[in-house]
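Asker: Quick one: this structure, given as structure tokens, is what I'll be asking you about.
A short reminder: the numbers here are calculations on the coordinates, not readings from a lab. Computed from a prediction, not measured in an experiment: that's the story for all the values here. Cβ sites come from the backbone with ideal geometry, for glycine too, and all protein chains shown count toward neighbours.
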Amino acid sequence: MASVNYKYIALIVILLLFGCNALSYAQTREIEQQKTKIEKIEKDIEFLDAQIKATRNKESKTLGELVLIRKKIEDRKELLVALDGEIKAQTHSINEKEEHIAALGKRLDSLKGYYSQLVQSAYKNRDSKLWFMYILASSSIEQAYRRWGYLKNYSKLINEQATRAKATQEKILQEKEDIIKLKASNISAQAAQQKEYNQLRQEEKQANLYAQSLSTKQKEFKAQLTKKQSEAKELANKVEKMIKEAIRKEELLKAQANKRIAQQKAEKKTVAPAINTKVTTNTKLSGDFAANKGKLPFPVSKGVIIEKFGEHYHPTLKNVKLPFNNGVNISTTGGADVMAVFDGEIKQIIAIPGYNQCILVQHGSYFTFYCKLDKVIVKAGDKVKTGETLGSLHIDNNTSVLHFELWNGTAKQNPELWLKK
């Protein structure tokens, strides 16, 4: 009777199937992540198209349009990279699945071979007398018991081997179906990539035409830049001044609280002053805010960042840098509501030339700053919750732009690193 290590066979099959499933899951997850990213970028491009149409001036091309077109080009390039990532992930998955099918095919041949041996062995020894003599020939009672158990489970082993072979065969069929779907999706992604590339070339030509048309307004843009530099400088000074004043008051309150505690201890009193609770709350709020880096909601329900944090060049004036952007500029629908990105307290509302009305919100040691509002529905001292409406934006040429800043004390932060992608 042939000796077969059934436990070894079962272990190999389980490991092979588990390994295939784990790898397949990882590849599927990567493809799904790429698809989610692609959908997000496509929505941003669609929104930018709507913004461009809203700002389009029939009489002449505008600088605002050029900024939006260039942002759309930037997003289109990012979309091409994401599509390329999806195509590569799908191709890799197809290759891996084909290798798995080949490996499963070899394993199926082995399983069928073992199954055939089991069946042949059972057939050759089907005479019940032979089984009985096999048990009687045992050298001990223990060996006889083991042989009896082996013969008792022989039929079960044959059935299990057949089940494993069937499961492997079904797995091969499933992998083949997955490959067909992946190949179809891969072809679709390649077609989309080519379409996006053609669209990108058209948009780049459009941007160049806009830039050439606007190049005749160099003198006007230089005057605008000078004004913008002045406005940006005034904004930066006022924001920093407001934050320093808020911190100074906070520290003063804390010092007063500590003084009162010390006085009470000296008088052997244990009642804590109410003001100390506020200081503790702000400390907790700071920790909560910091823990939400990369998770804060967008300050508008729908929008696209058209000017990033830091220093950038003017759209048409060559080698001319714009004023350092202490935050980000978000293009959104005309008159859109502006919402608090986290729980906090309204510290100050101020009007600044070029930025309309601005709101400073304190979140412990962190501050958020919202500008270019036309209508404000909160007042200094109000407590606000995450997502609560602060007001609505000023409308300019059918659209609105929110200027949003985020500070840790007097240290400006890049809001993109804090907002949820």
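Asker: Where Lys and Arg each count +1 and Asp and Glu each count -1, what net charge lies around Glu98 among other residues with Cβ under 10 Å from its Cβ?
Answerer: -1
Asker: Would you please put 313-324, 336-347 in order of how densely packed they are, using the mean number of other Cβ atoms within 10 angstrom per residue and starting with the highest?
Answerer: The peptides rank, most packed first, as 336-347, 313-324.
Asker: Highest mean first, how do 217-227, 232-242 rank when packing is the count of other Cβ atoms within 10 Å averaged over residues?
Answerer: By packing density, highest mean first, the sequence is 232-242, 217-227.
Asker: Can you list residues whose amide H is under 5 Å from Val338's amide H, if they're 5+ apart or on another chain and H is modeled 1.01 Å from N?
Answerer: Residues meeting the amide H criterion: Leu390, Gly391, Ser392, Leu393.
Asker: Sticking with this one: Can you work out the Karplus-derived ³J(HN,Hα) for every residue in the range 393-406? Use 6.51 cos²θ - 1.76 cosθ + 1.60 with θ = phi - 60°, whole Hz, and x for glycine or proline.
Answerer: 7, 5, 9, 10, 6, 6, 10, 9, 10, 9, 9, 10, 10, 9
Asker: Now a separate question. Enumerate the aspartates and glutamates that Lys228 could reach by cross-link, defined here as Cα to Cα under 20 Å, with residues fewer than 8 away along the same chain left out.
Answerer: Within the straight-line cut-off, Lys228 pairs with Glu65, Glu220, Glu240, Glu307, Glu311, Asp374, Asp396, Glu405.
Asker: So what's the gap between the Cα centers of the range 338-407 and the range 174-249, to the nearest angstrom?
Answerer: 23 Å
Asker: Show me, for the range 292-297, the HN-Hα J-couplings you get by feeding each phi into the Karplus relation (A = 6.51, B = -1.76, C = 1.60, θ = phi - 60°), rounded to Hz, glycine and proline as x.
Answerer: So the Karplus estimates, Gly and Pro as x, are 9, 4, x, 10, 5, x Hz.
Asker: Now for a separate question. List the pairs from Lys77/Lys302; Lys205/Lys375; Lys284/Lys412; Lys71/Lys219; Lys71/Lys217 whose alpha-carbon separation is above 28 Å, in the order I gave them.
Answerer: Working: Lys77/Lys302 21 Å; Lys205/Lys375 39 Å; Lys284/Lys412 21 Å; Lys71/Lys219 24 Å; Lys71/Lys217 21 Å.
Pairs exceeding 28 Å: Lys205/Lys375.
Asker: Taking every Cα atom in the range 218-417, find the radius of gyration and the maximum pairwise distance Dmax, and write them in Å.
Answerer: 19.3, 74
Asker: Amide H of Leu322 versus every other amide H placed in the peptide plane: which residues, excluding those fewer than 5 positions away on the same chain, fall under 5 Å?
Answerer: His312, Tyr313, His314
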